[in-house]
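Data block below; observations after.
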Amino acid sequence: MGVGSEAFMWGLLSALSLPLGALLGILWQPKSKLNSAFMAFGAGALLFALSVELFGHVPHHAKEHGILALLAPVTGALGGGLLFDLLNQALNNKGAFLRSLSNAKRYVGQMKVKRAKELVEELGSIEVFRGLAPQQMAQLVQRIRKKSVPAGELLFRQNDPADDMYFIISGEVEILRGSGDTIATLKQGDTFGEMGILSDQPRNASAKTLSNCYFYTLERSDIEVILHETPELKRKLSQLAKERLNDLEVKDPAFDAREWKSEAVSHLQYSNMPVTSDDIRLESEHKGGASNAAMAIWLGIFIDGIPESLVIGMLAMSTQGMSLAFIAGVFLANLPEAMSSSVSMKKNGMKVSKILWMWGSLTIITGIGAWLGTILFPAHPTGGLFYIVLGVEGLAAGAMLTMIAETMLPEAFEQGGSIVGLSTLLGFLAALSVAII
């Protein structure tokens, strides 16, 4: 068997745990702590293999060939980590964050903080909120809820009790009075319903969605929590009922709106923004749902596996031969990742057949990637090719280490908590034992 064919077979073997894990996850749905232990164990084995097989020879090369032999893999590793981050973020924006629970919580949490900062600007234009300290404003923003409403729905009628106010994320809303005369059409970025809730008066108009809409909503009870701590706000409610002020600095030169908003945003950085399953579901719907996210998820898992397959090809071409520790680490890391991701995908509406196809195709692609690795990494490169190979090795290793730190270990900790540390250590030591034997 040629080296390329051997690398292809090793790649298939290492990735065979992907469809196997997907099937186990869907049928068995193992306990989260067991899943976490597998994932952390695999991460530990990979950390050992990467440290020894890829970066272990860098000091020797640097002494023998000079500083360029150090700069090439270091630069490649930094580039690989940055490239992984950029691609990962781009794909998450398309819906790939669903591929793991920790990734979904982290991404949705980031989106919540980002939108909360935007709301500081929106709410900061309302004079009554001047009575809030920046930290109180940050707490109020965290009480904002997200809501999706289909086209043609009546949000409230004129003279209904005013219980909440709305901030339009996307879509259009028609404001009606009397027998149905349209007085305004509101779009993304507009706010409505605040006059009634803040003045304690019934709705002075009706509101109806013209298209599918996403809103932020803020309920009266959430504002009352802040009012209890800031009695001065009660006096100012009647002022806002008459006029919504758009420029605080013009009305009150002593008020520094820019500094106030800046402080409120800084408090958001240190606030706890909990992410619920409903938050993840709504974010998925906002990105187009599980169907539209399927390709983004597949690409997200694909970029996780590219470095692994290239490294397998590189190891197949090395004078030391294939590292069983690395293969075992990849296999064990893939198994729980596929289990947890498949459960998440199924819960978000993806068909089982599509999930299995995604993982199965990635198994084949991993084998092909390992075969390509034998072409990219010749056994005895010379001249400038030697430094290029070092750089490409660093690129693959850097992307892989970044992936372990950003996806595998956080996902393991999300599911297993403190068991992660010991499991990672055991994986590292097991890989060491395999390498010695």
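The values are calculated or read from the model by the stated rules, or taken from the named source; none is laboratory data. Nothing here was measured: the structure is a model prediction, and the numbers come from that model. As a convention, Cβ positions derive from the backbone with ideal geometry for all residues, glycine included, and neighbour counts pool all protein chains shown.
Couple of notes before you dig in:
Yes or no, residue by residue, for (1) assigned by TED's automatic domain parsing to the domain that holds Phe8; (2) modelled with pLDDT under 80; (3) under 21 Å from Ala49 (Cβ atoms); (4) assigned to a helix (DSSP H, G or I):
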{"residue": "Met339", "(1), (2), (3), (4)": "yes, yes, no, yes"}
{"residue": "Lys354", "(1), (2), (3), (4)": "yes, no, no, yes"}
{"residue": "Trp357", "(1), (2), (3), (4)": "yes, no, no, yes"}
{"residue": "Gly360", "(1), (2), (3), (4)": "yes, no, no, yes"}
{"residue": "Thr363", "(1), (2), (3), (4)": "yes, no, yes, yes"}
{"residue": "Gly367", "(1), (2), (3), (4)": "yes, no, yes, yes"}
{"residue": "Leu390", "(1), (2), (3), (4)": "yes, no, yes, yes"}
{"residue": "Met400", "(1), (2), (3), (4)": "yes, no, yes, yes"}
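- Test: residue in the stretch 384-391 that is out of contact with any Lys or Arg (no Cβ under 9 Å at 6 or more places or on another chain), surrounded by fewer than 16 Cβ atoms within 10 Å (Cβ to Cβ) and more than 28 Å from Gln89 (Cα to Cα): yes
- Among the residues of the stretch 426-435, the one identified as among the hydrophobic types (A, V, I, L, M, F, W, C) and within 16 Å of Asn35 (Cα to Cα) is Leu426.
- Of everything in the stretch 147-163 that is in a strand (DSSP E or B) and under 33 Å from the mean Cα position of the chain (by Cα), the residue that is surrounded by the most Cβ atoms within 10 Å (Cβ to Cβ) is Leu155.
- Scanning the stretch 205-241 for residues that are buried (at least 19 other Cβ atoms within 10 Å of the Cβ) and in contact with a Gly (Cβ under 6 Å, 6 or more places away or on another chain), we see that the one that is modelled with the lowest pLDDT is Leu233.
- Ser14 meets all of the listed conditions (1) buried (at least 23 other Cβ atoms within 10 Å of the Cβ); (2) in contact with a strand residue (DSSP E or B) (Cβ under 9 Å, 6 or more places away or on another chain) but one, namely (2).
- Among the residues of the stretch 17-32, those identified as modelled with pLDDT of 80 or more and surrounded by fewer than 24 Cβ atoms within 10 Å (Cβ to Cβ) are Pro19, Leu20, Leu23, Leu24, Ile26, Leu27.
- Checked against (1) assigned to a helix (DSSP H, G or I); (2) within 31 Å of the chain's Cα centre (by Cα), Leu385 meets all criteria but (2).
- Scan of the stretch 181-204 for residues that are at pLDDT 80 or above and assigned to a loop (DSSP other than H, G, I, E, B), ordered by number: Lys187, Gln188, Gly193, Pro202, Arg203, Asn204
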